[in-house]
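Student: I'd like to ask you about the structure that follows.
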Amino acid sequence: MAPEIHMTGPMCLIENTNGELVANPEALKILSAITQPVVVVAIVGLYRTGKSYLMNKLAGKNMGFSLGSTVESHTKGIWMWCVPHPKKPEHTLVLLNTEGLGDVKKGDNQNDSWIFALAVLLSSTFVYNSMRTINQQAMDQLHYVTELTHRIRSKSSPDENENEDSADFVSFFPDFVWTLRDFSLDLEADGQPITADEYLEYSLKLTQGTSEKDKNFNLPRLCIRKFFPKKKCFVFDRPVDCKKLAQLEKLHDEELDPEFVQQVADFCSYIFSNSKTKTLSGGIKVNGPRLESLVLTYIDAISSADLLCMENAILALAQRENSVAVQKAIAHYDQQMGQKVQLPTETLQELLDMHRVQLEKKRDDFCKQNQEASLDRCSALLQDIFSPLEEEVKMGIYSKPGGYCLFIQKLQDLKKKYHEEPRKGIQAEEILQTYLKSKESVTDAILQTDQILTKKEKEIEVEHVKAESAQASAKMVEETQIKYQQMMEEKEKSYQEHVKQLTEKIERERAQLLEEQERTLTSKLQVSKCIITLFVFLFSVCSS
């Protein structure tokens with residue numbers, strides 16, 4: 001079991017003196033003694049925003065990192081506190097507290113930019129601490145993110161273009177956590193309640209447009225979205241009345257706002273449970289000496305006014321470890337030969353035999369180390385490459401008809417990606433086959449689920465076809481009845497129209513007949529009247 005490091009308080013890791021960043025030998029010595037993998041949490045933000053309080057809580061203490069109570073940055077450089085990880089056995093939690101950004105006494109932000117870049121590159125979880133809300137002012141203060149591509153590159157090759165480098169950054173960059181202090185807004189959008197994470201995503205939305213104002217608005221948001229694919233947000237109420245803030249580290253939890261106490265507890269729980277072991281490209285897990293090497297490499301690059309090259313940092317780390325291994329091997333050889341060989345030997349062969357025994361033993365040791373290194377490398381690669389597939393399986397992505405084929409295709413793609421990775425060593429194929437064999441039960445379960453769901457889907461499809469057929473037949477009968485009813489109604493309407501027209505014709509003819517008869521009768525009456533008049537006249541004449 002690796003010995004634990006017990007630091008009673010923080011120590012300056014990178015000193016900031018007159019704008020120059022220098023590694024502290026005493027802090028490096030502490031790092032060099034940590035053989036356990038490290039989880040590195042770094043926090044940055046404007047000065048006087050309460051960064052130190054959160055870091056003390058992560059260390060399990062109320063005091064440690066100096067809180068300060070003045071209007072100038074209290075922490076200078078980058079301070080380190082190494083403590084046993086509370087939730088990961090055999091891991092060390094390394095807390096890095098940075099000096100406050102934006103201190104007017106520094107005159108320019110050159111120094112702040114380097115502090116920001118170092119915090120990003122050294123950490124596995126990067127915490128950005130700010131006040132109140134995520135507004136445009138808060139985004140503008142994150143201009144350090146937009147400057148990262150001007151200070152960092154992923155590869156040493158001079159023909160690597162900036163876009164390719166920035167795309168490679170993601171594999172080196174830590175998880176991103178935004179902490180908002182003295183938050184007083186209601187967490188809601190469009191009248192609906194939202195979480196702090198949703199508030200962060202809402203605040204990172206881009207605006208549509210191509211004007212200079214739109215570009216300035218979108219730039220920091222694009223950088224955060226691009227460089228930090230995993231993001232988290234926490235909001236904190238004001239802990240106490242303004243007058244008591246200066247004594248915050250001396251106050252007990254019962255003297256603080258209960259909401260604030262719970263919010264801090266939630267933040268610490270998330271960091272402990274979700275912050276990953278610091279890991280370099282290729283699955284190299286970082287321990288204390290490796291973190292020490294990264295610090296020295298980055299500080300040297302800054303001192304020489306060069307870009308921070310992540311590839312060079314890994315190469316320097318490998319060279320340093322190889323050099324140490326060679327020195328240990330030579331020392332071990334000298335020790336063993338000195339103990340087992342009594343000079344002068346009787347013959348040269350006696351000396352050569354002892355020499356061969358030592359070399360063979362050392363060869364076996366190196367073979368064992370080589371095998372273990374290959375095992376570690378391949379195990380880390382398998383974790384990095386196949387963990388997204390395992391998460392998809394847990395989420396039920398492949399628990400559907402046809403899911404087995406999708407799963408096998410994804411598995412083949414990931415196997416190809418694994419085979420393309422360089423320097424896996426002699427254990428590469430054996431470790432892969434062992435891993436795949438351990439997942440056979442999962443593969444079988446996905447196949448069975450696929451078959452069951454496919455059979456059920458076919459049965460459902462048959463029932464669906466039957467239902468559709470019955471529905472179509474019923475619809476056809478209904479439509480036929482409707483058409484027949486419409487036809488009968490049309491015939492009835494036509495009949496009634498015909499009767500109406502016939503009735504009207506008869507009525508017209510009857511009226512015409514009556515009219516004709518009336519005219520004939522009138523004519524006869526007139527003739528009769530004339531005859532009578534004539535008779536009367538003749539009668540009167542005859543009488544005379």
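The values are calculated or read from the model by the stated rules, or taken from the named source; none is laboratory data. This one's a predicted model, so the numbers in the text were calculated from it and none came from an experiment. Here the Cβ positions follow ideal geometry from the backbone for every residue, glycine too, while neighbour counts run over all protein chains shown. Each accessible area value is taken on the protein alone, full model and side chains, heavy atoms only, with ligands, DNA and RNA left out. Shrake-Rupley method; radii C 1.70, N 1.55, O 1.52, S 1.80 Å.
Student: Quick check for you: with a 1.4 Å probe and neighbouring chains kept, what is the accessible area per residue of the stretch 366-486, in Å²?
Tutor: 72
Student: Report the chymotrypsin sites (Phe, Trp or Tyr not before Pro) located in the stretch 369-411 that are in a DSSP loop and have at most 10 other Cβ atoms inside 10 Å of their Cβ, or state none.
Tutor: Hits after loop and neighbour filter: nothing returned.
Student: In addition: For the full complex of protein chains and a 1.4 angstrom probe, list THR520, THR533, THR125 by accessible area with the highest value first.
Tutor: Sorted descending by solvent-accessible area, the residues read THR533, THR520, THR125.
Student: Go through SER441, LEU389, GLN471 and say which Cα lies farthest out towards the positive end of the charge dipole of the stretch 382-476; charges sit on Cβ, +1 for Lys and Arg, -1 for Asp and Glu.
Tutor: GLN471
Student: How big is the accessible area of HIS252 in square angstrom, nearest 10, if you roll a 1.4 angstrom probe over the protein chains?
Tutor: Here the accessible area works out near 100 Å².
Student: Just grab the label-to-label distance for THR210 and GLU15, each label 7 Å out from Cα along the Cβ direction, in nm (one decimal).
Tutor: 5.3
Student: With every protein chain kept in the model, how would you rank TYR202, TYR435, TYR53 by accessible area, 1.4 Å probe, largest at the top? Numbers along the way, then the final one.
Tutor: Details: TYR202 110, TYR435 35, TYR53 10 Å².
Largest to smallest exposure gives the sequence TYR202, TYR435, TYR53.
Student: Also, quick follow-up: Among HIS6, HIS498, HIS85, HIS143, what's the order by accessible area (1.4 angstrom probe), most exposed first?
Tutor: HIS6, HIS498, HIS143, HIS85
Student: Rounded to the nearest 0.05, what FRET efficiency do GLN433 and ASP266 have when you use their Cβ-Cβ distance and R0 = 45 Å?
Tutor: Given R0 = 45 Å and the Cβ-Cβ separation, E is 0.60.
Student: Still on this model: To the nearest 20 debye, what is the magnitude of the charge dipole of the stretch 443-544 about its Cα centre, counting +1 on the Cβ of each Lys and Arg and -1 on the Cβ of each Asp and Glu? Present the calculation step by step, with values, prior to reporting the outcome.
Tutor: On the way: 15 positive and 19 negative charges, 222 e Å.
For the stretch 443-544, the charge dipole is close to 1060 debye.
Student: Leaving out ligands, DNA and RNA, what percent of the accessible area of the stretch 167-219 is carbon and sulfur, probe 1.4 Å?
Tutor: 50
Student: A follow-up question, please. Given a Förster distance of 22 angstrom, what is the FRET efficiency for MET63 paired with SER32, based on the Cβ-Cβ distance and rounded to 0.05?
Tutor: 0.25
Student: So if R0 is 22 Å, what FRET efficiency would LYS417 and LYS456 give, r being the distance between their Cβ atoms, rounded to the nearest 0.05? Can you show the working numbers first?
Tutor: Values: r = 34 Å, r/R0 = 1.54.
According to the calculation, E is roughly 0.05.
Student: Using a simple spin-label model with points 7 Å from Cα along the Cα→Cβ vector, what separation in nm is obtained for ILE426 and ALA331?
Tutor: 2.6
Student: Provide the gained length on full extension for the span VAL240 to GLU201, in nm with one decimal, where the gain is 0.36 nm per separating residue minus the Cα-Cα distance. Let's see the in-between values first.
Tutor: On the way: separation 39, 0.36 × 39 = 14.04 nm, distance 2.88 nm.
That pair, VAL240 and GLU201, stretches by 11.2 nm at full extension.
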